[in-house]
Amino acid sequence: MLPSAQGAPLDLNFARFIPETAAVYLQTRDLRRLAETAAGLLGALSATLSSQEAYASLQQLFRSLFRLDLEGDLLSWAQQSDYAVFAGAASEQGAFDQFEGGFIISGDPQRTTAVALRIAEGLERQLRGRGGFAFKRTTLPALETPVAQLSYTDPQFGTLTFLIGSAPEFGFFVTERALARILEGRTLEKRLSWSRLQPYLLPRPSILLHADADNATRFLFALTETLARLNSAQPNALRLPQREPGSRRFERAMLSVEEGAEAQVRLRLFLLLSE
């Protein structure tokens, strides 16, 4: 998905909506570009559909699944919104309730609430009666609006719970533990030290990709443990290389992407090393 030269650059404080445990997160803006990219890919993979026909099919899919007008209910305002996806783990133990991840989008609370509830209702219709899935409406103490709770339970891995709804500044489809961290203010912004990082980013980025070394290590441990249990095998002990005395360790990485004149795409990778 190529960045766009149109519109405002990314909100560099968007990490205030990302939990501090995120191993990796990708931030960009204008959800319309994502929809058009998906339609273009679908058209390229299809032997019969053009990109325009694929986009019309995507619109029809939203109407049938979520009873949403893709253009009027979502893309009309989401063009001006930043959004991000993230993944992480609360510990190194491989179980559903340890994993954290989801989707965050900024925007008007009334619009994000309406879209979130329609998506929750659509998922409930599609998954109702399927083993392991459960839905309910709940109200969180930190939010005034109701949210939808989607849970999937596996006998081996436990329960993975997602919450779908909106807060005053953003809409969300995220795991329960991740949302709790965000609402408590335990966010990545406090770990990123933007005052140190901003001079090393491109001036008007359209895409940001961030990776945190410590969080990524914990996430990989948890993922390896989960895959090992899935295959009924004992996981091999993962051991990180010992740090040499006086050496510097990779701490985090930031990739920023910007489109310049004549559709030239610039990328800048910044690596932060600990002292």
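Laboratory data are not the source of any read-out in this text; all were calculated from the coordinates shown. All figures in this text were calculated on a predicted structure; none of them were measured in a lab. In this analysis, Cβ positions are derived from the backbone assuming ideal geometry, glycine residues included, and neighbour counts consider all displayed protein chains.
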Quiz item: Between Ser195, Ser50, Ser106, which gets the highest mean-square fluctuation from a Gaussian network model of the chain, Cα cutoff 10 Å?
Solution: Ser195
Practice problem: With an 8 Å cut-off on Cα pairs and a minimum separation of 6 or more residues, tell me the relative contact order of the chain in percent. | Solution: 24
Quiz item: In Å and whole numbers, how far do the C-alpha atoms of the chain stretch along each principal axis, longest first?
Solution: 60, 55, 45
Quiz item: If you stretched the chain out fully between Glu71 and Lys136, how much longer would it get, using 0.36 nm times the residue separation minus the C-alpha to C-alpha distance?
Solution: 20.6 nm
Quiz item: How far apart, in nm, are the 7 Å Cα→Cβ label points at Arg204 and Gln60?
Solution: 3.9
Quiz item: Which FRET efficiency value, to the nearest 0.05, is calculated for Ser151 and Lys190 with the Förster distance at 51 angstrom and r the Cβ-Cβ distance?
Solution: 0.95
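Quote to one decimal, in nm, the extra length available between Phe270 and Ser46 on full extension: 0.36 nm per residue of separation minus the C-alpha distance between them.
76.8 nm
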Quiz item: So what is log10(I(q)/I(0)) for the stretch 130-236 at q = 0.10 1/Å, when the Debye sum runs over its Cα atoms only?
Solution: -0.46
Quiz item: So how do 109-117, 206-214 stack up, highest first, on mean other-Cβ count within 10 Å?
Solution: 206-214, 109-117
Quiz item: What does the highest-first list of 17-29, 120-132 look like by mean Cβ count within 10 Å?
Solution: 17-29, 120-132
Quiz prompt | the chain: calculated mean residue ellipticity at 222 nm from DSSP helix runs of at least 4, using -39500 (n - 2.57) | solution = -9500 deg cm²/dmol
Practice problem: Using 0.36 nm per residue of separation minus the Cα-Cα distance, give me the extension gain between Asp11 and Ala263 in nm, one decimal. | Solution: 88.5 nm
